[in-house]
Amino acid sequence: MAGAREIRTKIKSVANTRKVTRALEMVSASKIRKAQELMRASRPYARAMRQVAGHVARANTEFKHPFLSSRESVKRVGYIIISTDRGLCGGLNSNLFRKLLAEIRDWNEKNVEVDIVAIGTKANVFFRRLKVNLVGSASHLGEKPKIEQLIGVIKIMLDSYSAGSIDRLTLAYNDFVNTMTQKPTLDQLLPLPPSDSLATAHDWDYLYEPDAESVLEHVLTRYIESLVYQATLENLASEHAARMVAMKSAGDNAKKAIDSLTLVYNKVRQAAITQEISEIVGGAAAV
Amino acid sequence: MSTIRCDIVGAESEIFHGQAKLVIATGEAGELGIAPRHAPLITRLKPGQVRVQLENGEELCFYVSGGILEVQPQVVTVLADTAIRAKDLDEAAARRAKENAERLLANRADAVEIAQAQAELMQAIAQLRAIEQLRKQTRH
């Protein structure tokens, strides 16, 4: 019966695993709702910000901000990468990193250096192993990320863009499409890509207080910050969705494993009983 | 009586939106009163109150710790900062983020981490071996 006991312990341990995955699944299911609410709450600001930035980009002609004009030669590029703090969320982070690595390899082939700012523990751990230039990091944003937690890392990148040490800035995060789908996304932040909505034919200008340059700088900085913040929230919702799906499939697999192990266990038990009976019968016949 | 649409939004939530007769805010260069059909204007806000006079004469008062005020002929937008912002504070935040990265790079080959990974590997191998044995036993 030694085999049977081993199988029984194995069944018990798989059952425990299943309990854990189910608990994680339910936790994520409730957190995803909160994350989506956060996303919704921050949307008015993002929309208003986009409008204002759009107005600014097309209204002003007297002063060209460096954030708006693209540079001809690209010698060094910056990436802001948003990842999760915890694992057990399927291929969410690795899909994003894989996409990013392909880009980094392309840049390296062109002899362009890459600066990286990592948000979230997973990106920190991943990118410190690589031969990239990690210039800033933030982690443990929690369930309710605050914009204060992101100001520092964003400022590093904006400063080095203004100083001319990077010529392009890209944001990498997981876009929350729906619960089943999260899309690894790379968005160019700087120079601000010219979009159609920004280019309508209106000829007017603002009254600036105190002056165009400083107001523009301020508005564009806030605009970038709001984009990064919005992406962080998207990534958070994606994390919970991915974890929910991953835990569900892990739970299903555990159930399958339990079923097949139970079958084996019963067979072993049956075989042992049969053997015992035949031994007894054999013994009785010998007497 | 004409009114102007007023939106006050914070980065993490919407604060107010509706029709207003007059919006009063503290701009960088002084107090501003925005009435309907004001000329387009954009300014930074100083920490202070934003007062909104509604159609029925009621006055609402919000505190903002800075932000941006944008005026279009039909709409006033206040983008309020939720965080307290100052150049020094921003710089400190940037420095902290940089230090974080440097600390990470400094203990790149963390001995504890390697030990932990090894222990996990051993466990996985042991589990695999157990399963292998189980298979052999049940087949006979």
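The values are calculated or read from the model by the stated rules, or taken from the named source; none is laboratory data. Note that the structure is predicted; figures quoted are calculated from it, not measured. Because the Cβ atoms are built from the backbone with ideal geometry, glycine has one as well, and the counts that use them run over all protein chains shown. Heads up: the accessible areas ignore ligands, DNA and RNA and are worked out on the full protein's heavy atoms, side chains in. Shrake-Rupley method; radii C 1.70, N 1.55, O 1.52, S 1.80 Å.
Looking only at residues in the stretch A:20-43 that are open to solvent by 20 Å² or more (accessible area, probe 1.4 Å) and within 8 Å of another protein chain (Cβ to nearest Cβ), the one that is farthest from A:Leu216 (Cα to Cα) is A:Leu38.
Which ranges mark the strands (runs of 3 or more DSSP E) fully within the stretch B:1-52 that have 1 or more residues being within 14 Å of chain A (Cβ to nearest Cβ) and either in contact (Cβ under 8 Å) with a residue 60 or more places away in the chain or among the polar types (S, T, N, Q) (or both)? Explain how you work it out, then say what you get.
Values: elements: B:4-10, B:13-20, B:22-27, B:30-34.
In the stretch B:1-52, the matching strands (runs of 3 or more DSSP E) lie at B:4-10, B:13-20, B:22-27.
Does A:Asn108 fit the bill of being touching a residue at least 12 places away in the same chain (Cβ under 8 Å), out of contact with any helix residue (DSSP H, G or I) (no Cβ under 9 Å at 6 or more places or on another chain), under 30 Å from A:Val125 (Cα atoms) and away from chain B (no Cβ under 14 Å)? Criteria not met by A:Asn108. Kindly establish whether A:Ala242 is assigned to a helix (DSSP H, G or I) and surrounded by 14 or more Cβ atoms within 10 Å (Cβ to Cβ). Yes. Counting only residues that are free of Cβ contacts under 8 Å to residues at least 40 places away in the same chain and open to solvent by 20 Å² or more (accessible area, probe 1.4 Å), the stretch A:143-154 holds 3 of them. Out of all the residues in the stretch B:14-21, is one or more in contact with a helix residue (DSSP H, G or I) (Cβ under 7 Å, 6 or more places away or on another chain) and hydrophobic (A, V, I, L, M, F, W, C)? No, there is no match, as no residue in the stretch B:14-21 is in contact with a helix residue (DSSP H, G or I) (Cβ under 7 Å, 6 or more places away or on another chain) and hydrophobic (A, V, I, L, M, F, W, C). Look at the stretch A:157-172: where a residue is more than 14 Å from B:Ala94 (Cα to Cα) and in a loop (DSSP other than H, G, I, E, B) and a partner is open to solvent by 10 Å² or more (accessible area, probe 1.4 Å) and not acidic (Asp, Glu), sitting 6+ places away or on another chain with Cβ atoms under 7 Å, you get A:Ser165/A:Arg76; A:Ile166/A:Arg76; A:Ile166/A:Ser160; A:Asp167/A:Arg71; A:Asp167/A:Val74; A:Asp167/A:Lys75; A:Asp167/A:Arg76.
Might you let me know whether the stretch A:88-102 holds any residue that is surrounded by 14 or more Cβ atoms within 10 Å (Cβ to Cβ) and within 14 Å of another protein chain (Cβ to nearest Cβ)? No, the stretch A:88-102 contains no residue that is surrounded by 14 or more Cβ atoms within 10 Å (Cβ to Cβ) and within 14 Å of another protein chain (Cβ to nearest Cβ). Would it be correct to say that A:Glu109 is farther than 18 Å from B:Ala94 by Cα, modelled with pLDDT of 90 or more and among the acidic types (Asp, Glu)? It is true that A:Glu109 is farther than 18 Å from B:Ala94 by Cα, modelled with pLDDT of 90 or more and among the acidic types (Asp, Glu).
Scan the stretch A:131-144 residue by residue and report those that are within 9 Å of chain B (Cβ to nearest Cβ) and farther than 30 Å from A:Glu109 by Cα.
Filtering the stretch A:131-144 down to residues within 9 Å of chain B (Cβ to nearest Cβ) leaves A:134-139, A:144.
Hits for the stretch A:131-144 are A:Ser139, A:Lys144.
Would you point out the residue of the stretch A:145-160, among those that are facing another protein chain (nearest Cβ under 7 Å) and among the hydrophobic types (A, V, I, L, M, F, W, C), that is nearest to A:Ile80 (Cα to Cα)? Within the stretch A:145-160, the match that is nearest to A:Ile80 (Cα to Cα) is A:Val153.
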